[in-house]
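Q: To start, I am sharing the structure in question, which I have written as structure tokens.
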Amino acid sequence: MKIYTKTGDKGQTGLYSGRRLSKAHPRVEAYGTVDELNSFVGLLRDTVNDEAIRAELLAQQHHLFALGAAMADDRPGEAYRLPDHAATDLETSIDRMNEELPKMTHFILPGGAPAVSHAHVCRTVCRRAERRTVELAGEVELDDSIIIYLNRLSDWFFVLSRHLSLKMGVEEIRWIS
């Protein structure tokens, strides 16, 4: 199979239905940002040594790939779907990590260690993916679970950054106004 098809040489890409869209279309921007997020999650996973966290990150990568496929599918009722438990699994993980964390009494700046910084990059790219998806949902019908999942995932990355700081013995960087 050739990687290059030349079908996008004029600035268009194809959806699952075969319909062609501009590569600047909000749908393409949204699933492209999800793809970008997935790449950053892979980078984060490569910087973490904890096998349980690595497994959770890999699970999120699989969800993100499915989510991108769902967003690239404009066939009514045929698009991929996230598992029903995707967002609630994140909530369970957030609650579990939060039990170990000190009470948050300040805003936190990204940084302290590469893995912590990468988690914050994932959080911010996830927020952008969420914004692009909300914009797209104003134009086309999308499953509500997509926005819910992205919202929860960005929260998860924030708590994960704090969790990684704690596990690595890295002091959180407080924002001082």
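The values are calculated or read from the model by the stated rules, or taken from the named source; none is laboratory data. As the structure is a prediction and not an experimental result, all values here were calculated from the model. Here the Cβ positions follow ideal geometry from the backbone for every residue, glycine too, while neighbour counts run over all protein chains shown.
Q: All but one of (1) within 18 Å of the chain's Cα centre (by Cα); (2) modelled with pLDDT under 95 hold for Leu153; which doesn't?
A: (2)
Q: Could you please find all residues in region 11-25 being out of contact with any strand residue (DSSP E or B) (no Cβ under 9 Å at 6 or more places or on another chain) and of a type in the set (D, E, K, R)? Talk me through it step by step, then tell me what you get.
A: Quick first cut of region 11-25, residues out of contact with any strand residue (DSSP E or B) (no Cβ under 9 Å at 6 or more places or on another chain) only: 16-19, 24.
Answer for region 11-25, where residues must be out of contact with any strand residue (DSSP E or B) (no Cβ under 9 Å at 6 or more places or on another chain) and of a type in the set (D, E, K, R): just Arg19.
Q: Any idea how many residues of region 6-28 are at pLDDT 80 or above, of a type outside the set (Lys, Arg) and either in contact with a Phe, Trp or Tyr (Cβ under 8 Å, 6 or more places away or on another chain) or assigned to a loop (DSSP other than H, G, I, E, B) (or both)?
A: Qualifying residue count, region 6-28: 3.
Q: Related question: Does at least one position in region 39-49 carry a residue that is surrounded by 16 or more Cβ atoms within 10 Å (Cβ to Cβ) and closer than 14 Å to Leu67 by Cβ?
A: Yes.
Q: Another question about this same structure. Looking only at helices (runs of 4 or more DSSP H) that lie completely in region 60-171, which have at least 2 residues being in contact with a helix residue (DSSP H, G or I) (Cβ under 6 Å, 6 or more places away or on another chain), hydroxyl-bearing (Ser, Thr, Tyr) and surrounded by 13 or more Cβ atoms within 10 Å (Cβ to Cβ)?
A: On the way: elements: 86-100, 114-137, 144-168.
The qualifying helices (runs of 4 or more DSSP H) are 144-168.
Q: Does any residue of region 38-46 turn out to be over 15 Å from the mean Cα position of the chain (by Cα) and farther than 17 Å from Ser154 by Cβ?
A: Yes, region 38-46 contains a residue that is over 15 Å from the mean Cα position of the chain (by Cα) and farther than 17 Å from Ser154 by Cβ.
Q: Next up: Would a scan of region 67-84 turn up a residue that is under 27 Å from Gly18 (Cβ atoms) and among the hydroxyl-bearing types (Ser, Thr, Tyr)?
A: Yes.
Q: What are the residue pairs meeting all of these: first residue in region 97-108, first residue among the hydrophobic types (A, V, I, L, M, F, W, C), second residue surrounded by 10 or more Cβ atoms within 10 Å (Cβ to Cβ) and not in a helix (DSSP H, G or I), Cβ atoms under 7 Å, and 6 or more apart or on different chains?
A: If the second residue must be surrounded by 10 or more Cβ atoms within 10 Å (Cβ to Cβ) and not in a helix (DSSP H, G or I), the pairs left are Ile108/Glu172; Ile108/Ile173; Ile108/Arg174.
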